[in-house]
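Down below is the structure, laid out as structure tokens.
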Amino acid sequence: MRTAIVAIHQLPFISETLWLRIIGRGNVQKQAIDELEALTPDNPFRKAALELLYNLQQNLQVTQNQDEEDKELLMRLAPLYQQDREQAKQQGIQQGERLVVENLLKVRFDEIDNELQEIIEPLLALPPEEFTPLLLQLSREELINRFC
């Protein structure tokens, strides 16, 4: 068996060490959280790190004797969790709207060919209360002329 000791504060500031630095302490941890915040919301590493940090947060909240750094970590991470959850919610809504549009087109016109496929994105740019009546009332040709 091999054992190693990692001095987190001596790790280089690269993406490969970000997770270890996040669970570090003090300025090392603050810098790592800043780097995590700077990642784009769709970055897969950000998503994975936030899931792990969410689990860490749950464990820290159960602990009775939190120190100030633990409390500060939880407060720093709270906006990141909220942003991540809002993004996931928005993606779910968009996927649901896409399914509604595709299903309505299939029901009305039996299939979605290339012409109908091209109108889906422009339709989704409208709020559901606007695109739903259009999908139910306009003919295939009217839809294509209006949105292509």
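The values are calculated or read from the model by the stated rules, or taken from the named source; none is laboratory data. For clarity, every value in this text was computed on a predicted model and none was experimentally measured. Methodologically, a virtual Cβ is constructed for each residue, glycine included, from the backbone with ideal geometry; neighbour enumeration extends over all protein chains shown.
Of the listed requirements (1) over 26 Å from residue 11 (Cα atoms); (2) outside any helix (DSSP H, G or I), residue 131 misses just one: (2). Having 2 or more residues that are exposed (fewer than 14 other Cβ atoms within 10 Å of the Cβ) and at pLDDT 90 or above is the bar; report the helices (runs of 4 or more DSSP H) wholly within segment 1-118 that clear it. Of the helices (runs of 4 or more DSSP H) lying wholly inside segment 1-118, those with at least 2 residues that are exposed (fewer than 14 other Cβ atoms within 10 Å of the Cβ) and at pLDDT 90 or above span 26-38, 68-109.
Filtered by the rule that a residue be of a type in the set (S, T, N, Q) and surrounded by fewer than 10 Cβ atoms within 10 Å (Cβ to Cβ), segment 119-146 gives a lone residue, 137.
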